[in-house]
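Heads up, the thing below is written out as structure tokens.
The values are calculated or read from the model by the stated rules, or taken from the named source; none is laboratory data. The structure presented is a predicted model; accordingly, all values stated were derived computationally and were not measured. Ideal geometry is used to build each Cβ from the backbone, glycine not excepted, and the neighbour counts take in all protein chains shown. Keep in mind that these areas ignore ligands, DNA and RNA; they rest on the heavy atoms of the full protein, side chains included. Shrake-Rupley method; radii C 1.70, N 1.55, O 1.52, S 1.80 Å.
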Amino acid sequence: MTSTDQTLDWQKALKAIQATVTPRIGSGIVADYIPALASVDPKKFGLAVALNGGEMHCLGDADESFSIQSISKVFTLALTLRQIGDALWKHVGREPSGSPFNSIVQLEVELGIPRNPLINAGAIVTTDQLISAYGGGEAGADQAIADLLRLFRRLSQDDSIFIDQNVARSESDTGSRNRALGHFMASFGNMTNPVEAALSAYFRHCSLAISCRQLARAALFLAFDGTDPVTGEQIINQRRCRRILAVMMSSGHYDNSGDFAFRIGLPGKSGVGGGILVVAPDHGTIAVWSPGLNRAGTSMVGSIALEELVRQTGWSVFG
């Protein structure tokens, strides 16, 4: 934590954020194409900031669980890199997609290699590689998800995080596009497990139920070169941590990533459950949740809150 962080008036900063977002709460469209998410109250708003000593600053519904959705891809990527290292990059690229998160068009042009691990196709193939590291098949999928859940609970220091099976079933029932992506990659030889085994694990890790407080705490290692600053545990090494942040910066919000970097200037990852995780290197992590989404699938009010938070803290990586 820098001296600026120590002297920052967090009460004043949080009041400024609240004042900025209050007129906009309820804006955006809830992700109704996943039935289990369609009934979420669009007027919910929560925010949590975690600093390196474990200090937390929270606002609104910061302790209410929401569906993590694509934010889980960051943690799956970290665990996969820890398990198999740079071998992952033979199966997935590191370039922005410039296309919707579930696009199949680029896969055909690029012979079944997804652009990056944070779009759906890239996360599916990353999950597939993680399953192989645990022995493969349905058993490997179950073990990989169990280990990922344990990691979330350990990092957040909270055992109440769980997989919402109702959301997982809803994702599976409406998962035709993701199945198409999986089978398309398999046709190019870029899947090592049965597509249904990979998707079973993928749907489950996207269905984790987590609060802003838990998420900000769990991600804290990403702000400090891969090491949890509270416990001292090294989750991933410095080089891989920085690569994850680079991918988040360029690709964390699909075809909205450039605008997010322009407005907020921090590595982040959004999810269609309305959550956004943002990493401020050497400072801390921020998790925000507001279910209404913009056209690209990023929380509309969450983005506004983060823009104001950066204005209050000066945490943009661009200075």
Revision key, fill the gap. For Lys44, counting only aspartates and glutamates whose alpha-carbon sits under 14 Å away and dropping same-chain residues fewer than eight positions off, the answer is Asp61, Asp63, Glu64
Point to revise | Extent along principal axes [Cα atoms of the chain; Å; largest to smallest] | key: 55, 39, 36
Review point. Calculated FRET efficiency, Glu196 and Asn166, Cβ-Cβ r, R0 30 Å, to nearest 0.05?
Key: 0.95
Practice item. Report, in whole Å, the centroid distance computed from the Cα atoms of the stretch 272-319 and the stretch 217-259. Key: 14
Study note, to complete from the structure: Computed from every Cα-Cα pair in the stretch 97-248, P(r) in 5 Å bins starting at 0 and rounded to whole percents is 2, 9, 16, 18, 21, 17, 11, 4, 1
Exercise for review: Excluding residues fewer than 8 places away in the same chain, name every one of the lysines whose C-alpha is closer than 21 Å to that of Lys90.
Suggested key: Lys73
Practice item. With a 1.4 Å probe and every protein chain kept in, tell me what percent of the accessible surface of the chain is carbon plus sulfur. Key: 50
Check your understanding: Quick one: what do you get for the stretch 25-98 if you divide its Cα Rg by 2.2 N^0.38 Å?
Key -> 1.50
Review point. Stretched out fully, how many nm does the piece from Phe262 to Tyr33 gain, at 0.36 nm a residue minus the Cα gap?
Key: 79.6 nm
Point to revise | Rg over Rh [alpha-carbon atoms, Kirkwood Rh] for the stretch 1-66 | key: 1.08
Check your understanding: Taking a probe of 1.4 angstrom, what is the accessible area of His183 in Å², to the nearest 10?
Key -> 110
Point to revise | Label point at Thr22 placed 7 Å out along Cα→Cβ; residues across the stretch 33-50 whose backbone nitrogen lies under 15 Å | key: 45
Exercise for review: Run down the aspartates and glutamates and flag those whose C-alpha is under 15 Å from the C-alpha of Lys12, throwing out any fewer than 8 positions away in its chain.
Suggested key: Glu308
Study note, to complete from the structure: Rounded to whole Å, √(5λ) for the Cα gyration tensor eigenvalues of the stretch 118-183, largest first, gives 22, 16, 11
Practice item. On the full set of protein chains, 1.4 Å probe, figure out the accessible area of Asp63 and give it in Å² to the nearest 10. Key: 100
Check your understanding: When ligands, DNA and RNA are left out and all protein chains stay put, how many square angstrom of accessible area per residue does the stretch 167-319 have with a 1.4 Å probe?
Key -> 32
Check your understanding: What ratio of Cα Rg to 2.2 N^0.38 Å holds for the stretch 44-135?
Key -> 1.34
Point to revise | the stretch 210-319: projected area of the alpha-carbon convex hull, averaged over directions, in nm² | key: 6.3
